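Novice: Right, I'll just put the structure down here and ask away after.
The values are calculated or read from the model by the stated rules, or taken from the named source; none is laboratory data. Small disclaimer: the values here were computed from a predicted structure and weren't measured. Heads up, the Cβs are rebuilt from the backbone with ideal geometry, glycines too, and the neighbour counts pull from every protein chain shown.
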């Protein structure tokens, strides 16, 4: 294949054309304009839920899919988190013992799980509700496995405030729709 040589005249014509294009396309104000283009939001890859009134955005973390906080006039607070992990994440007993340790309770064995765990369901899916309290601290965790992930909804903090927010937390959990990315 024969190519035409790219000579100095062709180069100057190309450069002048580009300069003209840039000059005429930028307007005549002489000012530089900066435009912000919002990022396109990715389609949600997680469940949808209704955030209760009064709940504020909580601690951000790479592990959290949702994070909220609740506080009262006495300075008491609750941390509410939603996390998801592949598989069963070590099993119910290991998770219960990890959560019990977070409120300074001793680990339990399989036979003692019934003291902390209740069977329930969320979005027509079997789930475990874990509840414990110790020394003015409370935790309430709902664990449910959906789409090969175990989802954890956890509320932890001041016992009295947790009792007050119990129904609100339950409504939040039960407002969850796990039908994301799947056809019904």
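Novice: Would you mind stating whether residue 171 is modelled with pLDDT under 95 and closer than 20 Å to residue 47 by Cα?
Specialist: Numbers: modelled with pLDDT under 95: no; closer than 20 Å to residue 47 by Cα: yes.
For residue 171, the condition - modelled with pLDDT under 95 and closer than 20 Å to residue 47 by Cα - is not met.
Novice: Quick one: is residue 51 in a loop (DSSP other than H, G, I, E, B), closer than 26 Å to residue 164 by Cα and in contact (Cβ under 8 Å) with a residue 12 or more places away in the chain?
Specialist: On the way: in a loop (DSSP other than H, G, I, E, B): yes; closer than 26 Å to residue 164 by Cα: yes; in contact (Cβ under 8 Å) with a residue 12 or more places away in the chain: yes.
It is true that residue 51 is in a loop (DSSP other than H, G, I, E, B), closer than 26 Å to residue 164 by Cα and in contact (Cβ under 8 Å) with a residue 12 or more places away in the chain.
Novice: Follow-up question, since we're still on this one. Yes or no: the range 22-45 includes at least one residue that is modelled with pLDDT of 60 or more and closer than 27 Å to residue 130 by Cβ.
Specialist: yes
Novice: Return the only residue of 96, 70, 108, 51 being surrounded by 17 or more Cβ atoms within 10 Å (Cβ to Cβ) and closer than 15 Å to residue 170 by Cα. Spell out how you get there, then give the answer.
Specialist: Numbers: 96 fails: closer than 15 Å to residue 170 by Cα; 108 fails: closer than 15 Å to residue 170 by Cα; 51 fails: surrounded by 17 or more Cβ atoms within 10 Å (Cβ to Cβ).
Within the list 96, 70, 108, 51, the selection yields 70.
Novice: Scan 171, 164, 160 and give me the residue that is assigned to a helix (DSSP H, G or I), surrounded by fewer than 16 Cβ atoms within 10 Å (Cβ to Cβ) and under 23 Å from the mean Cα position of the chain (by Cα).
Specialist: Values: 164 fails: under 23 Å from the mean Cα position of the chain (by Cα); 160 fails: under 23 Å from the mean Cα position of the chain (by Cα).
Just one listed residue meets the conditions, 171.
Novice: Across the range 73-92, what is the number of residues that are surrounded by 12 or more Cβ atoms within 10 Å (Cβ to Cβ) and over 21 Å from residue 147 (Cα atoms)?
Specialist: Within the range 73-92, residues that are surrounded by 12 or more Cβ atoms within 10 Å (Cβ to Cβ) and over 21 Å from residue 147 (Cα atoms) number 5.
Novice: With respect to residue 102, determine if the residue is free of Cβ contacts under 8 Å to residues at least 40 places away in the same chain and farther than 18 Å from residue 71 by Cα.
Specialist: Working: free of Cβ contacts under 8 Å to residues at least 40 places away in the same chain: no; farther than 18 Å from residue 71 by Cα: yes.
When the stated conditions are applied, residue 102 does not pass them.
Novice: Within the range 129-152, track down each residue that is surrounded by fewer than 20 Cβ atoms within 10 Å (Cβ to Cβ), at pLDDT 95 or above and farther than 20 Å from residue 50 by Cα.
Specialist: Answer for the range 129-152, where residues must be surrounded by fewer than 20 Cβ atoms within 10 Å (Cβ to Cβ), at pLDDT 95 or above and farther than 20 Å from residue 50 by Cα: 131, 133, 134, 135, 136, 137.
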